[in-house]
């Protein structure tokens, strides 16, 4: 499908984006994006990171992440996502943004859509894909650390994608956030016969789980390697939660894009790379360094193995790629256009 040249721009609000997402298989889209990325059919420039202090003296940031996806998608665009961790105290989402798609010929902007929902869905879809590719025994217990937007997105999607899931153990430093999430997701959990159990510590959530997903804003590591049971998969969404020992001791460590992970000075594996503790999946193995085993796209296309044995503890460290947002946004645009959704804006 193509992006039609037009004198107007299609705008899709949050509700229209959510409705269009119900018409697509987000995990299948993300799988295809990773396949194309591994095949060299994507373009992923460095993100632009703008951080500053707002009028209240709070640390805030804005990210602009362009990307191009080839193959059958053939879509180019950019994701703008802004965040302030103080926003929830004001009753506002921590992050918000827009995703913009470009016309395939003129490259004029052709569609603007609310981007935060896409961002949370693609993040949860990467976790679901990793679980499907890397799980050992059937996943019956899931640990979620944090009870915000990403927790909601993961629980909603994973209860659909993991047919054997029966227990979710959840921890958040603010208990009321967990209670609010329980109330909101009660119909989904009841329909899927999944129990959501609040626990008092992150360790209590993690130890019984085969799949662990931290979705926090912490910059201080706390997850210990011995909390992880043999065969478990830790999908390190929020990036700083595991201690360095988890990276060094895990049987398999997988990233989504080594260059982005390596070049980020703010997050765990990027810091460990600068400290000389880890090296890339295609670099020569050096004494005293942990080599990252693979990129997720290489697991998708079968060029590198994922799980080697049923007892392997696997760490997946997805940085988050703009091509995921662009690929999903393209499918959302086509679904919305076919259904007549959205508002046309004059240029």
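Taking 220, 127, 140 in turn, the Gaussian network model of the chain (Cα-Cα springs below 10 Å) assigns the largest fluctuation to 220.
On the beta carbon distance between residue 23 and residue 184, with R0 = 30 Å, the FRET formula returns roughly 0.85.
Using a cut-off of under 11 Å, list every residue of the stretch 128-153 whose amide N is near the label point 7 Å from the Cα of residue 166 along the Cα-to-beta-carbon line. The answer is 140-141. Across the chain, Cα pairs under 8 Å and at least six residues apart give a relative contact order of 22 percent.
Here residue 54 and residue 222 are evaluated by their C-beta separation; at R0 = 22 Å the FRET efficiency comes out at 0.20.
Axis angle, to the nearest 10 degrees, between helix 175-192 and the longest C-alpha principal axis of the chain: 80 degrees.
Between residue 85 and residue 339, the modelled label-to-label distance comes to 3.6 nm, taking each label 7 Å out from Cα in the direction of the beta carbon.
List residues of the stretch 214-248, by number, whose backbone nitrogen lies under 17 Å from a label position 7 Å along Cα→C-beta of residue 173. Inside the label zone: 214-224, 238-243.
Here the simple spin-label model places points 7 Å from the Cα toward Cβ, and for residue 46 and residue 13 these points are separated by 3.9 nm.
DSSP beta bridges confined to the chain are antiparallel in about 50 percent of cases.
Every read-out reported here was derived from the displayed coordinates using simple, explicitly stated rules and does not represent laboratory data. Predicted model only: the values in this text are computed from it and were never measured. Cβ coordinates were reconstructed from backbone atoms using ideal geometry, including for glycine residues, and neighbour counts include every protein chain displayed.
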